[in-house]
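The structure under discussion appears below in the form of structure tokens.
The values are calculated or read from the model by the stated rules, or taken from the named source; none is laboratory data. This is a predicted model, so every value here is computed, not measured. Here the Cβ positions follow ideal geometry from the backbone for every residue, glycine too, while neighbour counts run over all protein chains shown.
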Amino acid sequence: MLVDNHLTRPNVSMLGTSAMLFEAPGDFSLANQRRIWTLARMVSAWPGVQEAAPCMTNLMLTFDTPPEEPERLEDALLAAWEAAEPDQTEGRVVDVPVIYGGEYGPDLLDLAAHAKLAPEEVVRLHTESRLIVFAIGSHPGNAYLGGLDPRIAMPRRKVPRLRLEAGSTSIGGLQAGLGGTPGPSGWNCIGRASIPVFDPQCYPPALLAPGDIVRFHAERVIL
Amino acid sequence: MIEILDTAPLSSVQDLGRAPYLRYGVSYSGVMDRLALRAGNAMLGNAEGLACIEIQAFPCRIRFRAARDFALTGADCAATLDGVPLPPWWAKPAREGAELTIGAPRRGSRAYLAVAGGIDVPSVLGSRSTQFRGSFGGHEGRWLKAGDVLPVGAAADAAVQAPGFGAEPPQTAFPADWAPPDLQPSTTAVRVLPAGEYGLFMEESQQRFWDTAWKITGQSNRAGFRLAGQPLEFAQRIEMRSHGIVPGVVQVPPSGEPIIQLSDAHTAGGYPKIGTVIEADLWRLAQAPLGSRLRFIPVTYRDALDALRQGDAWVAALRRLAEQYRSLCNSGRTP
């Protein structure tokens, strides 16, 4: 049984002495995520903080200098969350052409079987989902997308695949993803984008930014 | 310039890592054993963050195309310079054309070759570390191979004189005196702080996490160590939302066998985290051979911070000593 980690209050935990993780309570929603972006902006300027990296309704702080008293930082973080209003920045609309199925999307048929839908229906629900970039993370340029139609949600694979190509469009739990670079992944891959998603010589190096709206187009569906 | 004469595709250019770009999905990369690089740079009078060659497979052979001071730290390897054996953790001048051979480790796993002035490949996103996932940084974004020629930066004035000098390796400077007395010699102990999902595991599995001598499987590399042992069991299984992770985080995928995230790990993940190997002990992981075993030892946050500071103080003391040594050499007196 799949249970989302619904928290009733914010959760703060340490990752050794290197980082602190803040997890927002409540739904996996855009409103919550917009508050995370605001929180990230607020705390990234705090002394001792190297970076505030937002992910899916959570925020990781890494340290230049680990806090002497993490409890105090935790209290400040909780207070900042209470004060954080949803970020109102308007994202760009980015059109992304995708080839679904076949070697481009090796898990399309498995996902269709799991969802008890035809593969074409999976593609339709994926391209019609209003997907918003919640965060960039995991590997270079990789976009975590919120707003997936829950009918095509599927748990991560028990054994990760050794390699998915750059541009892979995939589904992990209730999240959708667009991979920036090739490598191993535990997500279910249903297709591949035909445009580059990450370039280290550019700044910023990632095609997408939090808040952007992604529209996938089915360039081709291989069944 | 230095030239790679022979290496397996497991050597790479690394510095102390790339930050802060986690929010673009760009991992730290960087050396697995930060103490070894910091020590090598300290011995040579380099700035702390200059790049080195990390060597993970042996033998590795290198030629100095111009005379240059170097330091070899990390694993205790059977190394020779122009055929003359080199002690472990040693800094020495190499003549023009000198050939350095770094043989199999007698102890440890990864060797670090620092050179005066550092390996001067272009900096990409603020670092010279190789980012394998994105194929950038380091030397052409890839593992080194025979025939590669690497540029070397301008060196500080005070030079090392033959026969060079050594440093005390961290294995003896920082013995694991907090480990249980029955620890097998081939088992590496590392200190761990419990992480966010520790409480989601069965009590019996929590205890077994600490009691097991986990085997480092062959599917382990710079991205992470996959461990083998009796699988840990969840009291409650949840599908986590993806969140940031850092090197040292111990995740437990549904299979129940832990994976320790390391230098080339993803910047985010969704598997439950049972603990984090403390930053001060990541060098111990870096030097633990494949097939050997690991024990996790609980530690307090306070002790983890102290351990980190002891490492900093040790590097600073080594830097001071090395400076004194080099200036004595340059004043013409015998140190």
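Side notes on the structure shown:
- Residue within the stretch B:76-89 that is of a type in the set (D, E, K, R) and either closer than 23 Å to A:His139 by Cα or within 14 Å of another protein chain (Cβ to nearest Cβ) (or both) present: no
- Every residue from the stretch B:294-317 that is farther than 13 Å from B:Ala189 by Cβ and among the hydrophobic types (A, V, I, L, M, F, W, C): B:Ala304, B:Leu305, B:Leu308, B:Ala313, B:Trp314, B:Val315, B:Ala316, B:Ala317
- Looking only at the stretch B:221-246, residues that are among the aliphatic types (A, V, I, L, M) and more than 12 Å from chain A (Cβ to nearest Cβ) come to 4 in all.
- Selection count, the stretch B:62-93, where residues are among the acidic types (Asp, Glu) and on the phi < 0 side of the Ramachandran plot: 2
- The residues in the stretch A:162-176 that are modelled with pLDDT under 90 and more than 9 Å from every other protein chain (Cβ to nearest Cβ) can be counted, and the count is 1.
- So B:Glu257, is it of a type in the set (D, E, K, R), farther than 21 Å from B:Gly30 by Cα and within 7 Å of chain A (Cβ to nearest Cβ): no
- Evaluation of B:Gly45 against the conditions (1) away from chain A (no Cβ under 14 Å); (2) within 30 Å of B:Ser186 (Cβ to Cβ) shows that the sole unmet condition is (2).
Matching residues to (1) β-branched (Val, Ile, Thr); (2) in contact with a His (Cβ under 8 Å, 6 or more places away or on another chain); (3) assigned to a strand (DSSP E or B):
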{"residue": "B:Ile62", "(1), (2), (3)": "yes, no, yes"}
{"residue": "B:Asp69", "(1), (2), (3)": "no, no, yes"}
{"residue": "B:Pro93", "(1), (2), (3)": "no, no, yes"}
{"residue": "B:Gly97", "(1), (2), (3)": "no, no, no"}
{"residue": "B:Ala114", "(1), (2), (3)": "no, no, yes"}
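- Single match in B:Ile274, B:Ile278 (criterion: under 14 Å from A:Met14 (Cβ atoms) and touching a Gly at 6+ places or on another chain (Cβ under 8 Å)): B:Ile278
- Among the candidates A:Asp149, A:Asp110, A:Asp75, residue that is of a type in the set (D, E, K, R) and not assigned by TED's automatic domain parsing to the domain that holds A:Pro196: A:Asp75
- Number of positions in the stretch A:152-194 that are touching a residue at least 24 places away in the same chain (Cβ under 8 Å), out of contact with any helix residue (DSSP H, G or I) (no Cβ under 6 Å at 6 or more places or on another chain) and outside any loop (DSSP other than H, G, I, E, B): 18
- Selected residue (only one of B:Ser205, B:Ser220 is over 15 Å from B:Gly256 (Cα atoms), hydroxyl-bearing (Ser, Thr, Tyr) and in the same structural domain as B:Ser255 (by TED's automatic domain parsing)): B:Ser220
- With respect to the conditions (1) part of a loop (DSSP other than H, G, I, E, B); (2) surrounded by fewer than 15 Cβ atoms within 10 Å (Cβ to Cβ); (3) assigned by TED's automatic domain parsing to the domain that holds B:Ala8; (4) over 22 Å from the mean Cα position of the chain (by Cα), B:Pro122 falls short on a single one, namely (4).
- For the stretch B:274-293, residues that are over 17 Å from the mean Cα position of the chain (by Cα) and either of a type in the set (A, V, I, L, M) or within 14 Å of B:Arg191 (Cβ to Cβ) (or both) total 2.
- Residue that is nearest to A:Pro47 (Cα to Cα), among those in the stretch A:81-107 that are part of a loop (DSSP other than H, G, I, E, B) and among the hydroxyl-bearing types (Ser, Thr, Tyr): A:Thr89
- Residue among A:Asp212, A:Asp199 that alone is charged (D, E, K, R), within 10 Å of another protein chain (Cβ to nearest Cβ) and on the phi < 0 side of the Ramachandran plot: A:Asp199
- Flag if B:Ala79 is closer than 13 Å to B:Cys52 by Cα, in a strand (DSSP E or B), of a type outside the set (Lys, Arg) and within 20 Å of the chain's Cα centre (by Cα): no
- Within this structure, B:Pro253 passes the test of being over 23 Å from B:Leu10 (Cβ atoms) and modelled with pLDDT under 95.
- Among the candidates A:Leu78, A:Leu21, A:Leu73, A:Leu7, residue that is in a loop (DSSP other than H, G, I, E, B) and out of contact with any helix residue (DSSP H, G or I) (no Cβ under 8 Å at 6 or more places or on another chain): A:Leu7
- Against the test of being within 10 Å of chain B (Cβ to nearest Cβ), modelled with pLDDT of 95 or more, part of a strand (DSSP E or B) and buried (at least 19 other Cβ atoms within 10 Å of the Cβ), the options A:Ala52, A:Ala40 yield a single qualifying residue, A:Ala52.
- Yes/no for A:Leu30 being more than 10 Å from chain B (Cβ to nearest Cβ), under 16 Å from A:Leu174 (Cα atoms) and modelled with pLDDT under 95: yes
- Condition met for A:Phe134 (in contact with a helix residue (DSSP H, G or I) (Cβ under 9 Å, 6 or more places away or on another chain), farther than 25 Å from B:Ile238 by Cβ and within 14 Å of another protein chain (Cβ to nearest Cβ)): no
- Qualifying position, being buried (at least 20 other Cβ atoms within 10 Å of the Cβ) and of a type in the set (S, T, N, Q), among B:Gln206, B:Gln261: B:Gln261
- Yes/no for A:Ala135 being crowded, with 24+ Cβ neighbours inside 10 Å, assigned by TED's automatic domain parsing to the domain that holds A:Tyr100 and either in a loop (DSSP other than H, G, I, E, B) or in contact (Cβ under 8 Å) with a residue 12 or more places away in the chain (or both): yes
- B:Pro289, sole failed condition from (1) surrounded by fewer than 19 Cβ atoms within 10 Å (Cβ to Cβ); (2) at pLDDT below 95: (2)
- Conditions (1) more than 26 Å from B:Pro20 (Cβ to Cβ); (2) modelled with pLDDT of 95 or more: number failed by A:Pro140: (1)
- Residue in the stretch A:159-166 that is closer than 20 Å to B:Asp264 by Cβ and crowded, with 24+ Cβ neighbours inside 10 Å present: yes
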